Amino acid sequence: MKLQRSQVGQMLLPRKLRKSALRQNTFTQRQVATRCSSDLSTSCREEVPNYLAVDVLQDQSYTRQEIFRKVLVILNPNSGFRSSPEVFYQQVQPILKLSGFMMQVVETSYAGHAHVLASTVDLSTCPDGIICVGGDGIVNEVLNGLLGRDDLKEAIQLPIGIIPAGSENSLVWTVLGTRDPVSAATALAKGGFTAIDVFAVKLTQAGVTHFGLTASYYGFVADVLQLSEKFRLHLGPFRYVIAGLLKFLSLPQYRFEVDYLPLSPRRNPKLIPLAEKCNDYLSADSSVEDNWVTRKGEFLGIFVCNHFCKPAQGLLSPVIAPKAQHNDGSLDLILVHGSGRLRLFCFFVAYQFCWHLLLPFVEYVKVKHVKVRPVGNTHNGCGVDGELLHAEGQAEWQCSLLSAQGRLLGQHPST
Ligand SMILES: Nc1ncnc2c1ncn2[C@@H]1O[C@H](COP(=O)(O)OP(=O)(O)OP(=O)(O)O)[C@@H](O)[C@H]1O
């Protein structure tokens with residue numbers, strides 16, 4: 001007798017699971033049939049790999065829900081090792097379909113496409129969110145597209161889902177505790193949301209504001225980010241290592257003036273109402289407050305972190321801002337004072353073991369606002385969530401939290 005593919009899959013399962021899989025399979029096929037018929041754009045002919053069906057169906061909490069969730073999926077075919085289409089269509093889409101997602105899938109065809117999609121999509125066609133398949137960069141584009149809309153208040157409420165398929169997926173790894181596409185899809189399937197602070201970085205001279213969820217950074221790391229773009233095509237995710245090594249070998253000096261407003265424990269930044277446009281919020285800044293602290297001189301790096309920033313790659317899983325929480329209404333500022341390869345090397349080694357805060361040249365403070373001014377011919381770019389922002393001539397970057405929080409689809413497994 002010729003076995004169907006799903007039956008072959010079951011033969012590979014332990015006996016106990018096989019029985020339950022057989023029972024579940026009838027149920028699965030019924031579910032797939034109804035749900036696919038209402039899928040917005042994708043074909044429902046592809047088979048669900050059986051082991052995935054079993055995985056998903058074993059958690060009854062989300063298979064029993066009958067409510068469809070309408071989402072827009074934005075897939076960057078260019079991210080990471082360019083395997084995101086394969087990852088999505090073969091591993092992720094079946095899980096999402098089974099758990100009731102109705103997906104309109106759009107593949108980006110140029111840099112900036114995700115931004116355009118998020119800023120123009122009719123929100124009523126994807127009331128349950130936008131799912132990004134790619135790296136931190138594509139999530140950042142979607143965030144900025146949403147926050148540039150006229151219907152900002154509704155747009156900021158729209159949850160963003162993430163299927164990690166990029167070079168660096170620090171956001172989903174740090175905040176939702178997952179870094180592989182299948183467990184990220186399972187987290188989306190389980191449902192729930194995670195509130196996350198949103199910060200804005202404004203280039204004062206140009207009056208341009210860019211939003212982020214992870215961190216903004218200046219100095220060595222921003223410089224490496226710029227150089228790494230040259231190697232994107234040939235090296236994929238390894239581009240950061242090569243660019244980092246090259247920049248380390250030809251390390252320049254970075255001079256900055258930094259002003260920061262430490263977080264006052266009595267003040268709750270969330271009490272300030274969200275302005276109609278996010279740009280207005282930054283112009284009504286807190287210059288009237290007088291407890292600004294100024295630092296001047298050489299800095300190897302300046303990091304303004306919204307969460308503890310755990311890189312998805314790396315052996316030891318270090319974190320740059322161990323005291324940061326993604327929803328605590330504050331930003332964590334790390335100043336790495338000084339210059340020189342030896343100091344940078346010490347910082348890097350200490351960071352691998354999460355000892356970097358013990359170094360005498362590292363300053364760590366929770367803040368509300370930060371202003372960073374590169375001095376002289378210091379690299380004047382600013383990295384935000386893996387995207388490099390450029391400035392012409394003298395620049396001042398202002399980094400502040402927005403009063404409203406965004407929402408990520410899914411929850412950390414420990415919640
Ligand atoms: N079709 C495309 N062709 C070229 N570039 C694209 C395309 N779609 C998106 N991009 C650009 O690719 C950039 C990086 O994408 P993404 O973040 O998904 O992957 P990554 O760089 O590999 O991962 P990470 O940002 O986590 O390091 C985005 O900022 C976006 O502007």
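Read-outs throughout are calculated quantities, based only on the coordinates presented, and are distinct from any laboratory measurement. In this text, all values refer to a predicted model and were calculated from it rather than measured experimentally. Every residue, glycine as well, gets a Cβ built from its backbone with ideal geometry; the counts of neighbours run over all protein chains shown.
With a simple spin-label model that places each label point 7 Å from the Cα along the Cα-to-Cβ direction, the separation between V106 and V182 comes to 3.1 nm.
Pairs from the table (K230/K323; K153/K202; K310/K366) lying more than 28 angstrom apart at Cα are K230/K323.
Enter the Cα centre distance for the pair the stretch 176-253 and the stretch 306-367, rounded to the nearest angstrom. Between the Cα centres of the stretch 176-253 and the stretch 306-367 lies a distance of 15 Å. At full extension, L342 and R407 could sit 19.3 nm farther apart than now, given 0.36 nm per residue minus the alpha carbon distance. Annotation: the residues Y260, Y240, Y218, Y89, sorted from fewest to most other C-beta atoms within 10 Å of their own C-beta, follow the order Y89, Y240, Y260, Y218. In loop segments of the stretch 328-390 as defined by DSSP, the chymotrypsin sites (Phe, Trp or Tyr not before Pro) with at most 11 further C-beta atoms inside 10 Å of their C-beta are F353. Here the spin labels are modelled as points 7 Å beyond Cα on the Cα-Cβ line, and at V116 and S83 they lie 3.0 nm apart.
Give me the net charge for the shell around E257: Cβ to Cβ below 13 angstrom, other residues only, Lys and Arg +1, Asp and Glu -1.
Its environment carries a net charge of +2.
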